[in-house]
1. Among the residues of the stretch 76-87, which ones are modelled with pLDDT of 90 or more and within 30 Å of the chain's Cα centre (by Cα)?
2. Only residues in the stretch 2-23 that are at positive phi count as the first member; pair them with residues that are buried (at least 21 other Cβ atoms within 10 Å of the Cβ), Cβ under 9 angstrom, at least 6 apart or cross-chain, and list the lot.
3. Taking the condition of being polar (S, T, N, Q) and within 11 Å of Leu21 (Cα to Cα), how many residues in the stretch 52-75 meet it?
4. Given the condition of a type in the set (Ser, Thr, Tyr) and modelled with pLDDT of 90 or more, answer yes or no: does some residue in the stretch 88-106 qualify?
5. Spot the failing condition for Arg105; the list is (1) in contact with a His (Cβ under 8 Å, 6 or more places away or on another chain); (2) of a type in the set (Lys, Arg); (3) part of a helix (DSSP H, G or I), and only one is missed.
6. I need a count of the residues in the stretch 28-52 that are surrounded by fewer than 16 Cβ atoms within 10 Å (Cβ to Cβ), without any contact (Cβ under 8 Å) to a residue 12 or more places away in the chain, farther than 13 Å from Glu66 by Cβ and not acidic (Asp, Glu).
7. Scan Thr92, Thr72, Thr115 and give me the residue that is without any contact (Cβ under 8 Å) to a residue 12 or more places away in the chain and among the hydroxyl-bearing types (Ser, Thr, Tyr).
8. Can you tell me which of Thr92, Thr72, Thr98 is among the β-branched types (Val, Ile, Thr), more than 24 Å from the chain's Cα centre (by Cα), under 22 Å from Tyr5 (Cα atoms) and surrounded by 10 or more Cβ atoms within 10 Å (Cβ to Cβ)?
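The values are calculated or read from the model by the stated rules, or taken from the named source; none is laboratory data. Small disclaimer: the values here were computed from a predicted structure and weren't measured. Heads up, the Cβs are rebuilt from the backbone with ideal geometry, glycines too, and the neighbour counts pull from every protein chain shown.
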Amino acid sequence: MKRPYLKERRLSDVLALIQVLSLDEHAHRSEAGLKEELQGSPASADFWREVALEHPEFFRVRASGEHVVSLTARHVIPKTPAGRPPLPADFTHQLLRTALELHDRQVDAAVRWRTLLPLFVALITGLFSLGAVYFGWHLGQAGSQQIQKSGVVVAPAAKP
């Protein structure tokens, strides 16, 4: 989808997924693990994997395996012997703010289009009206020239 944040309740799903994947000790999660941690399926899709796939700006999804969903940012932090450490709280906060900003931009873009639509309709209507006037005038001129060439004189209608 071109604008995934416009899906109903998508923002809340993305925010929840960011929190779990950034703060939990496990960097990679399975669908079942996400369902358990987040207490159910996402509101905007059938599966958490689907939410992650539609938001590559935050998430990585492996093609196969059990624990396929992860947060991209967790992979830039150096790995320790215990695995990938949770993200610092301020970094997680910045990811959440970024998701909110992306959502707001997509909503603004959708609203802007709806605002400009009446202007485009009025412009097109005006162009068609001008075209009709021009062709009406042009056909009227051609008709009067035809009458003059044939020599037919049309008398004005008598007034009652």
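1. Selection gives Leu87 alone.
2. That search, which allows pairs on different chains as well, returns Arg9/Pro42.
3. Here the count works out to 2.
4. Yes: one or more hits.
5. (1) is the only condition that Arg105 fails.
6. Final tally of qualifying residues: 2.
7. None of the other options fit; the residue is Thr115.
8. The match here is Thr92.
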